[in-house]
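So the structure is just underneath, and the comments pick up after that.
The values are calculated or read from the model by the stated rules, or taken from the named source; none is laboratory data. A quick note: this is a predicted structure, and the numbers were derived from the prediction, not measured. Heads up, the Cβs are rebuilt from the backbone with ideal geometry, glycines too, and the neighbour counts pull from every protein chain shown.
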Amino acid sequence: MSEQTVSLYAKRPGKDYGYCNARARGMRSRLFTRAFLDDLMEAQDVKRVIQMLQDTEYSVDIDAEIIHGKTFRSIDEALKRNMVRTFQKVIGFSNDQAGLLLTTLLGRWDLFNLKTIIRGKHMELSPDEIAVSLMPLASFKEVDLNVLTREPDVRAVIDTLATWGVEYAAPLRDAVVEYIKTQDLSFLELSLDRYYAVSAANRLRGRGQNYQVARRVLGAQTDSTNLLTVFRLLKADMHDIDPSRFFLSGGLDIDEAQFSALAAMSDVDEVLDRLKSTPYGKPLEEVVLTYIEEGSISVFERALEEFVTRRAFAAGRGDPLGVGILIGYLWAKQNEVTNLRIIVKGISVGMPVERMRKELIVV
């Protein structure tokens with residue numbers, strides 16, 4: 001396994017938050033304005049998008065990728081690579097405490113990558129088909145993820161993780177027998193979610209405002225995962241299954257009793273009514289009509305992701321010499337790249353500008 005993957009929690013340079021946050025503020029000042037995104041949406045084709053982005057900090061990554069062709073795929077890859085480089089840069093200049101807090105929160109990308117690889121192997125996709133969706137933003141380097149995509153099956157992926165000494169191997173090995181028996185991916189995915197929820201919460205038990213800020217973001221992530229599970233159980237009409245099997249501990253506003261109560265309800269309206277007294281009531285209520293029209297859980301998934309993003313942005317509005325500035329910037333950068341990818345894809349398929357505007361995540 002590559003050296004970078006040895007630990008999520010390696011020591012960082014001993015710089016204070018004043019230095020780290022000054023650099024993060026400088027980087028945040030270069031994020032795109034809404035006016036620029038509006039101009040980008042008016043681009044007539046992908047070539048015009050490339051021209052506009054080549055005058056920005058994305059130029060290095062754009063130039064490196066368009067040698068393979070001036071296509072949507074090339075730009076999309078360039079945007080992902082820029083995001084990876086930016087995250088690595090921020091982690092690199094963060095101090096010891098910030099490095100621990102940030103890498104703990106970014107562990108959710110490890111789960112995303114491992115689930116993507118496991119699903120790909122389950123569906124017998126090719127390594128290239130799997131790799132296009134991966135984002136090496138946490139403990140895995142791109143080379144590590146590529147090795148995993150080339151393993152022959154799910155069991156081989158887990159065995160390789162165990163050989164490397166990766167912490168996620170243990171929960172996966174505990175669940176792989178049930179997966180092999182049932183071919184049900186939920187056993188593996190739930191094992192990862194549970195492990196991360198507990199291990200991340202343990203790493204954020206420290207005292208002080210910075211740990212509190214990080215715990216609020218982690219708690220929002222955990223609540224969002226639990227609520228999305230509720231909607232999925234409701235959609236699949238799985239009332240005969242014990243919902244406690246799916247509950248993740250560590251949330252801020254959704255405890256196990258409330259989770260079970262929500263999962264036992266008969267329809268979305270009941271769930272939303274019960275959530276009115278929580279911070280999630282309003283953002284979910286705002287998209288319920290879209291859910292009724294489209295019938296897709298992804299509507300709620302997006303609303304919850306926006307909520308977590310807003311919570312991360314808010315983390316930077318408190319202590320000017322705390323970790324919140326760094327957390328806020330990383331989520332702002334992720335939000336920018338997400339919007340750029342939406343725009344580039346929209347232009348490549350001829351999506352109307354008004355439709356693209358509705359797809360953007362503006363927080």
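Figures for the structure shown
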read-out: Residue in the range 57-64 that is under 16 Å from N339 (Cβ atoms), modelled with pLDDT of 90 or more and among the β-branched types (V, I, T) present; value: no
read-out: Answer residue from the range 322-350, given it is among the aliphatic types (A, V, I, L, M) and farther than 19 Å from Q54 by Cβ and is surrounded by the fewest Cβ atoms within 10 Å (Cβ to Cβ) among those; value: V349
read-out: Any hit, the range 108-128, residues being among the polar types (S, T, N, Q), out of contact with any helix residue (DSSP H, G or I) (no Cβ under 6 Å at 6 or more places or on another chain), modelled with pLDDT of 95 or more and under 22 Å from G206 (Cβ atoms); value: no
read-out: Members of the range 253-268 that are polar (S, T, N, Q) and under 18 Å from K235 (Cβ atoms); value: S260, S266
read-out: Meets criteria (over 28 Å from L218 (Cα atoms) and part of a loop (DSSP other than H, G, I, E, B)) for E124; value: yes
read-out: Subset of the range 235-255 [modelled with pLDDT of 90 or more and assigned to a loop (DSSP other than H, G, I, E, B)]; value: F247, L248, S249, G250, G251, L252, D253, I254, D255
read-out: Qualifying residue in the range 294-301 (condition: under 27 Å from E359 (Cβ atoms) and either assigned by TED's automatic domain parsing to the domain that holds E189 or over 22 Å from the mean Cα position of the chain (by Cα) (or both)); value: yes
read-out: Elements of type helices (runs of 4 or more DSSP H) in the range 279-325, at least 2 residues being within 11 Å of V213 (Cα to Cα); value: 298-314
read-out: Filter pass, V308 being farther than 30 Å from K70 by Cβ, within 13 Å of the chain's Cα centre (by Cα), among the aliphatic types (A, V, I, L, M) and at pLDDT below 95; value: yes
read-out: Candidates V154, V90, V143, V166, filtered to the one that is modelled with pLDDT of 95 or more, of a type in the set (A, V, I, L, M, F, W, C) and in contact with a Cys (Cβ under 9 Å, 6 or more places away or on another chain); value: V90
read-out: Scan of the range 15-57 for residues that are outside any helix (DSSP H, G or I) and either over 15 Å from P352 (Cα atoms) or of a type in the set (K, R) (or both), ordered by number; value: K15, D16, S29, R30, L31, F32, T33, Q54, D55, T56, E57
read-out: Filtered residues of the range 195-214 (kept if closer than 21 Å to F112 by Cβ and either within 15 Å of the chain's Cα centre (by Cα) or surrounded by 18 or more Cβ atoms within 10 Å (Cβ to Cβ) (or both)); value: Y195, Y196, A197, A200, A201, R203, L204, A214
read-out: Yes/no for R232 being part of a helix (DSSP H, G or I), modelled with pLDDT of 95 or more, among the basic types (K, R) and within 19 Å of the chain's Cα centre (by Cα); value: no
read-out: Qualifying positions in the range 130-155 - more than 18 Å from E189 (Cβ to Cβ) and either in the same structural domain as T86 (by TED's automatic domain parsing) or assigned to a helix (DSSP H, G or I) (or both); value: A131, E142, V143, D144, N146, V147
read-out: D184 being more than 19 Å from the chain's Cα centre (by Cα), outside the structural domain of N82 (by TED's automatic domain parsing) and either modelled with pLDDT of 95 or more or closer than 23 Å to A197 by Cβ (or both); value: yes
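Quick grid of which residues meet (1) on the phi < 0 side of the Ramachandran plot; (2) outside any helix (DSSP H, G or I); (3) out of contact with any Asp or Glu (no Cβ under 9 Å at 6 or more places or on another chain); (4) without any contact (Cβ under 8 Å) to a residue 12 or more places away in the chain:
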position: L190; (1), (2), (3), (4): yes, no, yes, no
position: Y195; (1), (2), (3), (4): yes, no, no, no
position: V198; (1), (2), (3), (4): yes, no, yes, no
position: A201; (1), (2), (3), (4): yes, no, yes, no
position: Q212; (1), (2), (3), (4): yes, no, yes, yes
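Okay, residues lined up against (1) surrounded by fewer than 17 Cβ atoms within 10 Å (Cβ to Cβ); (2) charged (D, E, K, R); (3) closer than 19 Å to T225 by Cα:
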site	(1), (2), (3)
V299	no, no, yes
L304	no, no, yes
G316	no, no, no
P320	yes, no, no
